[in-house]
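The values are calculated or read from the model by the stated rules, or taken from the named source; none is laboratory data. The structure displayed is predicted, hence computed values, not measured ones. Methodologically, a virtual Cβ is constructed for each residue, glycine included, from the backbone with ideal geometry; neighbour enumeration extends over all protein chains shown.
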Amino acid sequence: MPDPMKIRATVVGDSTEVKVIMSHEMETGQRKDAQGKVVPAWFIQSVTATYGGKTVLSAQWGPAIAKNPFLAFRFKGGAKGEKVQIAWVDSRGEKRSDEAAIG
Amino acid sequence: MSVAFFACAAFAQGSAVDEIAKYRAALQDGNPAELWEARGEALWSAPRGPKNVSLERCDLGLGPGVVKGAYAQLPKYFADADRVQDLETRIVWCMVTLQGFSDADAKKGPFGGPDRKSDIEAFVAYVTAASRGVKMNVSLAAPQEQEMYRLGEKMFYFRGGTHDFACATCHGEDGKRIRLQDLPNLSSVEGARKAYTTWPAYRVSQGELRSFQWRLNDCFRQQRFPELVFTSDASIALTMFLARNANGAAFDAPAIKR
């Protein structure tokens with residue numbers, strides 16, 4: 001089971017600002033280990049953010065995204081106390097989903 | 001004349017330093033150190049080891065189970081261990097005495113890497129984060145603590161190794177740098193405060209959270225000194241010297257560094 005994400009969501013004007021830190025190695029497939037063998041690629045492929053049953057962000061990621069990535073975005077609407085869900089799937093098919101209340 | 005020239009030189013170097021400061025500020029918002037803090041917090045309260053107990057009764061110097069503010073008064077002398085201990089040493093001690101780990105097992109993997117996560121670094125992140133904003137208050141009341149401080153001071157100025165380097169060679173004057181990184185002057189109060197209160201830190205270039213033991217270990221490597229043994233008296237003495245010199249400053253870590 002992958003480690004949990006850290007999610008912070010706050011109301012800014014008429015939008016909600018969401019900041020997420022994910023725990024992931026994000027191996028590019030270009031790196032070699034101490035024995036000289038290629039470390040196989042392993043990265044988050046898709047990220048989805050949902051609010052009130054609706055998708056507010058959907059992203060396709062590749063190996064150029066940094067290790068332990070940080071994602072910040074805004075969406076229109078959002079009310080205090082309501083929850084935002086973030087989910088990712090990586091290239092091995094591993095999944096992680098977390099949610100946070102908007103503050 | 002000399003004053004004008006100095007100001008000019010400081011300005012020329014300032015631009016690169018300012019850009020690095022901007023880079024750090026941009027990263028500050030999403031510090032992945034929080035991931036280590038969360039993992040450390042979960043590990044702290046999880047029953048582990050042969051005795052299957054958590055570390056929640058671990059005494060970090062403010063009484064069993066008190067984590068908040070504990071890091072700001074370390075290293076210190078612990079009568080139960082009859083030794084001056086820094087945070088990592090104390091955690092290892094708790095893992096051995098409370099959880100029943102062997103000394104070797106507790107010290108296994110002090111520093112994380114690409115395919116191995118370090119429990120110690122997670123504990124360090126969790127405990128140090130609970131001292132954020134607390135003023136550094138390291139005591140030199142016990143004779144053992146005074147001795148450690150003196151030993152640390154001696155080591156700081158001791159020149160050796162293939163390069164005839166001391167810590168003070170790079171960290172004993174203002175305005176020194178390695179490549180574009182400005183090095184803190186640890187012999188000044190201001191420098192020691194700024195440096196000590198911003199470790200541990202998440203190193204972006206390594207994708208890892210690094211403890212103070214790691215920082216000293218890597219300084220020794222860069223000096224071409226013999227490997228600094230994890231939780232050795234030598235490592236605690238240097239930590240003691242620097243932590244005490246930072247007294248009075250508000251602790252502000254885990255930080256984020258290039």
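Computed values, structure above
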| quantity | calculated |
| --- | --- |
| Odd one out for B:Thr162 among (1) more than 12 Å from the chain's Cα centre (by Cα); (2) in a loop (DSSP other than H, G, I, E, B); (3) within 29 Å of B:Pro143 (Cα to Cα) | (3) |
| Failed item, numbered, when B:Ala201 is tested on (1) over 29 Å from B:Trp36 (Cα atoms); (2) of a type outside the set (Lys, Arg); (3) in contact with a Leu (Cβ under 8 Å, 6 or more places away or on another chain) | (1) |
| Residue satisfying all of: in the range B:22-50; surrounded by 12 or more Cβ atoms within 10 Å (Cβ to Cβ) and among the basic types (Lys, Arg); nearest to the other protein chains (Cβ to nearest Cβ) among these | B:Arg39 |
| Qualifying positions in the range A:69-94 - free of Cβ contacts under 8 Å to residues at least 60 places away in the same chain, more than 17 Å from A:Ala9 (Cβ to Cβ) and exposed (fewer than 14 other Cβ atoms within 10 Å of the Cβ) | A:Arg92, A:Gly93 |
| Number of positions in the range B:83-98 that are out of contact with any helix residue (DSSP H, G or I) (no Cβ under 8 Å at 6 or more places or on another chain) and farther than 18 Å from B:Thr239 by Cα | 3 |
| Residue in the range B:134-159 that is surrounded by the fewest Cβ atoms within 10 Å (Cβ to Cβ), counting only those that are within 18 Å of B:Phe78 (Cα to Cα) and of a type in the set (Ser, Thr, Tyr) | B:Ser139 |
| Filter result (surrounded by 14 or more Cβ atoms within 10 Å (Cβ to Cβ), among the polar types (S, T, N, Q) and modelled with pLDDT under 90) within the range B:188-214 | B:Gln206 |
| A:Gly36 more than 24 Å from A:Ala101 (Cβ to Cβ) and either buried (at least 19 other Cβ atoms within 10 Å of the Cβ) or away from chain B (no Cβ under 14 Å) (or both) | yes |
| Which numbered condition A:Ala66 misses (of (1) surrounded by fewer than 15 Cβ atoms within 10 Å (Cβ to Cβ); (2) within 14 Å of chain B (Cβ to nearest Cβ); (3) touching a strand residue (DSSP E or B) at 6+ places or on another chain (Cβ under 9 Å); (4) in contact (Cβ under 8 Å) with a residue 40 or more places away in the chain) | (3) |
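For every residue, the table says whether it meets (1) among the hydroxyl-bearing types (Ser, Thr, Tyr); (2) within 14 Å of another protein chain (Cβ to nearest Cβ); (3) crowded, with 21+ Cβ neighbours inside 10 Å.
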{"position": "B:Ile91", "(1), (2), (3)": "no, no, yes"}
{"position": "B:Val96", "(1), (2), (3)": "no, no, no"}
{"position": "B:Ala104", "(1), (2), (3)": "no, no, no"}
{"position": "B:Glu121", "(1), (2), (3)": "no, yes, yes"}
{"position": "B:Thr128", "(1), (2), (3)": "yes, no, yes"}
{"position": "B:Arg132", "(1), (2), (3)": "no, no, no"}
